[in-house]
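Contents: one structure, followed by commentary.
The values are calculated or read from the model by the stated rules, or taken from the named source; none is laboratory data. Keep in mind it's a predicted model, so treat the numbers as computed, not measured. Don't worry about glycine lacking a Cβ; one is built from the backbone with ideal geometry, like all the others, and counts go over all protein chains shown.
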């Protein structure tokens, strides 16, 4: 009993001390248990009523991919050539293409089918068709081919002008060994010029993406997250020959115009300003008193061309077309490239530090506003030969006291280039037939049989002697 009493007293004393200390130091503290609330991403603000916003990273791309993969095809290109002993050699290459209509029209890159003697198309469902070449456009590296069929799966076109830098896109190709391939990335830049097309009239205003594109995917589709066509995958910048982070696509608006021309005329009907141009640099900006480096400087106005007729002059700086700002040569080329000869545009330009406007009627490279199949064939014949011509202006004819056509440019490694003809040559006769217009020259040339000797007679303005250039058709 004596041992229990101290234990009880000690317990009571401890309890009393605990109560005293709690009342002294913790009586005013309140503990609240809150019900959980939904978590929020700190990087997103709550949208106001009626406001729409784009999710930066879509949860998946399956809808877009499923809509497009069936419309992306594999193209096998077979080229037949002959050796010195009459033997036949064959070479093949391949790439991708995109069905753009339910009746079998397919757009691809010109370099995929260039020089092909036979074309074979394999659909995503493994069906194989022979293909017919409808037309090519080396200036944009595009080509149009066709297979026979109905109810083919085809893509819808997006408005590439509305594509935004940072927007998600898919690159879809059909290399032979892998059937369909889909990669994702974002639009890194627009209106890129990477100087890969060797043509005086080339349009390089590529959409740049970081979606992986390898050589077998050339000619494939670049689509937005709705599955609509934004561009045709065309090129990569690489040292290894494989994808290294940059790929480039021809914008869909330009694609749409080119394939429309190829269907209707067999070649592209290009509306031109008929000027030589440069991007604005710091020196030009300071000398001309320009507000910025935006714009395109007119270096030369070709006589009798569209710009000359509209009153534009050397030194003018084009800053807008049809209400759209023009900051660089690729932008100008892309905008003008979707129009045909005879179309009218409203140009905004700076002259003597003042903004001015002028309506311009586009012409072709021969200073004509007409569009017809004969001119399309003529243009193709001249490009196949390897030079570009225009009619002499009345002032030039009067000054030189002759009629004829002028060589504007010569394409490297062409038949004409092999003759050593140079730009500036005035052609007055073809096989002893007097030539006064480009149309007459083409008519005479088209009437010659294959293998016939072709002889040009003419002169250079700065040299009085006659010059002759010959080759076999």
Across segment 189-210, the tally of residues that are more than 12 Å from the chain's Cα centre (by Cα), surrounded by 16 or more Cβ atoms within 10 Å (Cβ to Cβ) and modelled with pLDDT of 85 or more stands at 2
Per the list (1) touching a helix residue (DSSP H, G or I) at 6+ places or on another chain (Cβ under 9 Å); (2) closer than 25 Å to residue 305 by Cβ, residue check on residue 454 breaks on (2)
Touching a strand residue (DSSP E or B) at 6+ places or on another chain (Cβ under 7 Å), in a loop (DSSP other than H, G, I, E, B) and crowded, with 18+ Cβ neighbours inside 10 Å: is that true of residue 258 in this structure?
no
So is residue 129 more than 26 Å from residue 212 (Cβ to Cβ), assigned by TED's automatic domain parsing to the domain that holds residue 66, touching a strand residue (DSSP E or B) at 6+ places or on another chain (Cβ under 8 Å) and at pLDDT 95 or above or not?
yes
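Within segment 416-439, can one find any residue that is closer than 30 Å to residue 294 by Cα and either modelled with pLDDT under 90 or assigned by TED's automatic domain parsing to the domain that holds residue 262 (or both)?
no
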Just one listed residue, out of 115, 161, 125, is on the phi > 0 side of the Ramachandran plot, surrounded by fewer than 23 Cβ atoms within 10 Å (Cβ to Cβ) and touching a residue at least 24 places away in the same chain (Cβ under 8 Å), and it is 115
Failed criterion for residue 139 (all others in (1) part of a loop (DSSP other than H, G, I, E, B); (2) touching a helix residue (DSSP H, G or I) at 6+ places or on another chain (Cβ under 9 Å); (3) at pLDDT below 90 hold):
(3)
Taking the condition closer than 17 Å to residue 302 by Cβ and over 35 Å from the mean Cα position of the chain (by Cα), does residue 399 pass?
yes
Could you tell me whether segment 267-285 includes any residue that is touching a strand residue (DSSP E or B) at 6+ places or on another chain (Cβ under 7 Å) and within 30 Å of residue 217 (Cα to Cα)?
yes
Does at least one position in segment 79-91 carry a residue that is surrounded by 12 or more Cβ atoms within 10 Å (Cβ to Cβ) and touching a helix residue (DSSP H, G or I) at 6+ places or on another chain (Cβ under 7 Å)?
no
Have a look at 409, 398 and point out the one that is surrounded by 15 or more Cβ atoms within 10 Å (Cβ to Cβ) and at pLDDT below 90.
409
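For every residue, the table says whether it meets (1) under 17 Å from the mean Cα position of the chain (by Cα); (2) over 18 Å from residue 64 (Cα atoms).
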residue	(1), (2)
108	yes, yes
143	yes, yes
146	no, yes
152	no, no
161	yes, yes
170	yes, no
187	yes, no
